[in-house]
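A short worksheet on the structure shown next.
The values are calculated or read from the model by the stated rules, or taken from the named source; none is laboratory data. In this text, all values refer to a predicted model and were calculated from it rather than measured experimentally. Here the Cβ is made from the backbone with ideal geometry for all residues, glycine too, and neighbour counts use every protein chain on show. Areas reflect the complete protein model, heavy atoms only, side chains present, ligands, DNA and RNA absent. Shrake-Rupley method; radii C 1.70, N 1.55, O 1.52, S 1.80 Å.
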Amino acid sequence: MTVGTRPEPSDAAIAGRTDVYFNRTKQIVARFGDAQVTYAVFLRRPVVSAPRLAIDWLQAVAAERGTEIRIELMHKEGEWVGAGDPILYISGSFVQLADLETLYLQKLGAPCVAAHNAYQMALELPEVAFLAMEARHCAGAEMQEMMAYAAAVGSAAAKREGAKGFIGNANDSTAHWFGKDHGYGTMPHALIGYAGSTVRAAEMFHETFPAETLTVLVDYFGREVTDGLEVCRRFAELAAAGRLSVRLDTHGGRFLEGLDPAESYAVLERHAPGTIRRYRSETELRHLVGTGVSAAAIWRMREALDEAGFPKVGIVASSGFGVSKCRVMHEAKAPIDVVGTGSFIPNTWSETYATADIVEYDGQPRVKLGREFLLRKNGARKRGN
């Protein structure tokens, strides 16, 4: 059924995966006479245009069937698109297009929303590099491909506005979307459990991959500061050379070592007092001074590293870094070097539903009542440049 992660465009595969009423429409139109039609394809919420997977698939279908499918892209890849604004128009034989709608909508909606999320996250923390870690949250290889592609599109859009954006991802198979031939990453918590100590896990990694930059998880035993500094002392040369980072992934059920609510407020009072002196929602307060990887936790880790003489050791933060958390971290000026996140994956899946409506039959404008906004309006719509 698949070549890599992309479904084959064979008629049998399409017929089996599309909605039955589209298959029946195809048969009816073939019986009573074909027509040339144009579909308008859109989403009901603002997004960033991420159409490549859908377009590539449509072009592959056209080649497989020996038919012409004309695609007019109204918003180029990486461009912001308003709610209800057609991203593209698809024209061709009704017989050849009728059974494709389900499948190209699958390949368009979710990437556009995820690209918008990635774009916003990168802009909220423009000085921070991001690492895409979405694979473990994806429902299979095709979704993994879509989400990695989306993060790359959103990142590229943010980079054009001055953000660092996404520097890569955490697996090899989709690294090409970020211009890389491999994924990034050092160790999971499981390696620390296997090694029996954070330092020993770091030693094992370094002995096996001595040329690699070392990023060490420091929350396994709940001693982020203690274990982090112990790793720095053990690898003082790497620390001095800027080739060592600590990664904070503290469980949301507890505070970083040495913190509690009062001390968390005190940390931010020292470094970013403005962030806690105005009204905050419960969620914002949790991101600032709550349990888990809070702004206070990141600042406390930076304090400890600097006080111990390790100013070049980086901090990698992970755990729920969606748009809102990134925004709060920016306001708190949290000293993050890299964010590892898969939180650009859409939270509300119903927002990812793309829709297609036929707006022309043999050149005559005609559309379902209520969708007149999709009509070409006598050429008034302009393609995005």
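Rounded to the nearest 20, the size of the Cβ-charge dipole of segment 61-114 about its Cα centre is 60 debye, with Lys and Arg at +1 and Asp and Glu at -1.
Distances between every pair of Cα atoms in segment 269-351, grouped in 5 Å steps from 0 to the bin holding the largest one, split as 3, 14, 25, 22, 17, 10, 5, 2, 1, 0 percent. Just the protein heavy atoms count here, and of the accessible area of the chain at 1.4 Å, carbon and sulfur take up 51 percent.
Given +1 at the Cβ of Lys and Arg, -1 at the Cβ of Asp and Glu and no other charges, the dipole of the chain around its Cα centre is 1000 debye to the nearest 20.
For the chain, the longest principal axis of the Cα atoms and the long axis of helix 20-32 meet at an angle of about 20 degrees. Helix 224-234 and the longest principal axis of the C-alpha atoms of the chain enclose an angle of approximately 70°. 3J(HN,Hα) couplings calculated from phi for segment 90-105 with the Karplus curve 6.51 cos²θ - 1.76 cosθ + 1.60 (θ = phi - 60°) are, in sequence order, 10, 10, x, 5, 4, 4, 7, 9, 4, 8, 9, 4, 3, 7, 6, 5 Hz; Gly and Pro show x. Over the chain, what portion of Cα pair distances is larger than 25 Å, expressed as a whole percent? Tail of the P(r) past 25 Å holds 61 percent of the pairs.
Which order do 348, 198, 186 take by accessible area at a 1.4 Å probe, largest first?
348, 186, 198
Could you list the square roots of 5 times each eigenvalue of the Cα gyration tensor of segment 11-55, that is, the equivalent ellipsoid semi-axes, sorted largest first and rounded to whole Å?
26, 15, 10
If each residue of separation counts as 0.36 nm, what is the full-extension length gain between residue 189 and residue 36 once their alpha-carbon separation is subtracted?
Numbers: separation 153, 0.36 × 153 = 55.08 nm, distance 5.69 nm.
In short, 49.4 nm is gained.
Using heavy atoms of the protein chains and a probe of 1.4 Å, the accessible area assigned to residue 57 is about 20 Å². Between 0 and 90 degrees, the angle of helix 261-271 with respect to the longest Cα principal axis of the chain falls at about 90 degrees.
Between 197, 214, 236, the Cα set farthest toward the positive side of the dipole of the chain (charges on each charged residue's Cβ, about the Cα centre) is that of 214. Per-peptide packing, taken as the mean over residues of other Cβ atoms within 10 Å, places 72-79, 41-48, 204-211 in the sequence 41-48, 72-79, 204-211 from highest down. A DSSP coil position with no more than 16 other Cβ atoms inside 10 Å describes the following trypsin sites (Lys or Arg not before Pro) in segment 261-308: 277, 278, 280.
Our summary gives segment 92-242 a relative contact order of 17 percent, counting only alpha carbon pairs under 8 angstrom and 6 or more residues apart.
Over all other residues within a Cβ to Cβ distance under 14 Å of residue 303, the charged ones net out to -2, with Lys and Arg as +1 and Asp and Glu as -1.
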